[in-house]
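Please read the structure below before turning to the comments.
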Amino acid sequence: MTTEIPTARPAPPTFRVQTLGCKVNAADSEAIAAELVARGLTPAQGDAPADVSVVNTCTVTHLGDRSSRQMLAQARRAAPSGLVVATGCYAQVAPAAVAALPGVDLVIPNTHKDELVNAIFAHAPTLLPMFPAAENPDDHFLAQVLGKTRAQVKVQDGCDNRCTYCIVPTARGASRSRTIREIVALAQRKAAAGIGEIVLTGVHLGDFHPTPGEDLGTLLAALLAETTIPRIRVSSLEPEDFRTEWLALWANPRLCRHLHLPLQSGSDAVLRRMARRYTMQRYREIAAAAHAAIPELALTTDIIVGFPGETADDAAQTLSNAASIGFAKLHVFRYSPRTGTAAARMRPQVPDAAKRARSEALLALNDDLMHQFRARHLGRAVEVLWEAPRPWGWEGLTDNYLRVELRGDDIPPERDLRHTRTWTRVTAIGDDAVLGTLVSKETNVPLEVRQ
């Protein structure tokens, strides 16, 4: 009598997806990773070499190009015998230059990103798993495999605007939108998998128009009515697209009290040179309406300093407006010429020393604004979606973009807070967040109340 010794199942190939740039790239990367899992691959653990390394590149500035090249080189060093794949905006704008980089095996531009996984297997058929993948792993990939509590959902791509400093229309193509039915189904799958928040992203999110008569407000209403996702966060919106009638939707507490409206400059003269399609007066009207409609709104923005032709008076207007609009946070960028854009040819270019000084003034203002926003929450109970354990405790986010840390004795023993929302009392202001302590059940703060 002979005994058959079972053959060991081969280990599945591994992958790693690394991302540079915007939330749209992050959403694309999550989709790529989920599809690789669906095809039978598994995420590489820790610093282990990956059989497939995908680098989702950025090209918004020349610094994005440089960071992309560095990340591709790091991917090759980390996995000398693995497959290195470049995709994203740098791969779209300069495919030949990316393909010529040492160690890059495959270049997939944005126009073919949906075919990336098939291209990997066509290029390296030996990576095809020897056993079938689990059914529908995408439903639980983010929540269970990556441990994420928040998911990026891309609802729109491309841009038809022509801001004079921006290369994105070249990298992302014309504006196009997913259907509302498709987005609702995707959001509901995320909810079923345990995801606590979706972030609606798009290159030009305010240009969401899948059919005539449908816009972002239509989408938000459908998500609130037809899904059970606990939180819906709206990503960056261009001010010229914002419709104040949408603000009524924020009466529903599932919509996060956070709006990101890029200002770029507080000077109308600079806005005109940038080819932005709003004025400071219009921006102030939108901001005032949003603050009036949404209690404790976190209004955040982007500002570019040192744009060609920006004068000291322009910079002073930007600083004054940024201080008085009611921002919770500023993202400050020093202008750098981007080859292929109109602004790169404009004169005069602002000296680096002036850019530095203007940037430092705005960053100092940002420190003050962030401190003021956090201080307003001291002593209050806020609802926190806990994202990840840290060596010192837990970290999470409120719906109005307040990062909260739970440390030391405030951590419940042997309790995994991931994917949970709890009421937390803000007790102190830290360097990059606020500190909190869990509110006891006896406090009985109803979930629908926002304090």
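The values are calculated or read from the model by the stated rules, or taken from the named source; none is laboratory data. This one's a predicted model, so the numbers in the text were calculated from it and none came from an experiment. Virtual Cβ from ideal backbone geometry, glycine too; neighbours counted across all protein chains shown.
For the reader, a short list of remarks on this structure follows.
- With respect to the stated conditions, residue 58 is without any contact (Cβ under 8 Å) to a residue 40 or more places away in the chain, in contact with a helix residue (DSSP H, G or I) (Cβ under 8 Å, 6 or more places away or on another chain), of a type in the set (A, V, I, L, M, F, W, C) and closer than 28 Å to residue 156 by Cα.
So that you can scan it fast, the table gives a plain yes or no per residue for (1) without any contact (Cβ under 8 Å) to a residue 60 or more places away in the chain; (2) of a type in the set (S, T, N, Q):
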| position | (1), (2) |
| --- | --- |
| 193 | yes, no |
| 198 | yes, no |
| 206 | yes, no |
| 228 | yes, yes |
| 238 | no, no |
| 249 | yes, no |
| 258 | no, no |
| 276 | no, no |
| 293 | yes, no |
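- Options 73, 34; residue that is buried (at least 17 other Cβ atoms within 10 Å of the Cβ) and either modelled with pLDDT of 90 or more or not β-branched (Val, Ile, Thr) (or both): 34
- Residues satisfying the stated conditions in the range 324-345, i.e. surrounded by 15 or more Cβ atoms within 10 Å (Cβ to Cβ) and farther than 17 Å from residue 163 by Cβ: 325, 326, 327, 328, 329, 330, 332
- Considering each residue of the range 301-320 in turn, at least one proves to be over 23 Å from residue 241 (Cβ atoms), assigned to a helix (DSSP H, G or I) and among the charged types (D, E, K, R).
Results for (1) in contact (Cβ under 8 Å) with a residue 40 or more places away in the chain; (2) surrounded by fewer than 17 Cβ atoms within 10 Å (Cβ to Cβ), shown as yes or no for each residue.
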residue	(1), (2)
347	no, yes
367	no, yes
384	yes, no
390	no, yes
404	no, no
408	no, yes
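- In the range 318-337, the residues that are over 27 Å from residue 348 (Cβ atoms) reach residues that are part of a loop (DSSP other than H, G, I, E, B) with C-beta atoms within less than 7 angstrom, at least six apart or across chains, in these pairs: 328/401.
- Residue 211 fulfils the conditions (1) buried (at least 20 other Cβ atoms within 10 Å of the Cβ); (2) in a loop (DSSP other than H, G, I, E, B); (3) modelled with pLDDT of 95 or more except for a single criterion, (1).
- Counting only helices (runs of 4 or more DSSP H) wholly contained in the range 80-132, the ones carrying 2 or more residues that are more than 28 Å from the chain's Cα centre (by Cα) and closer than 16 Å to residue 53 by Cα occupy 116-123.
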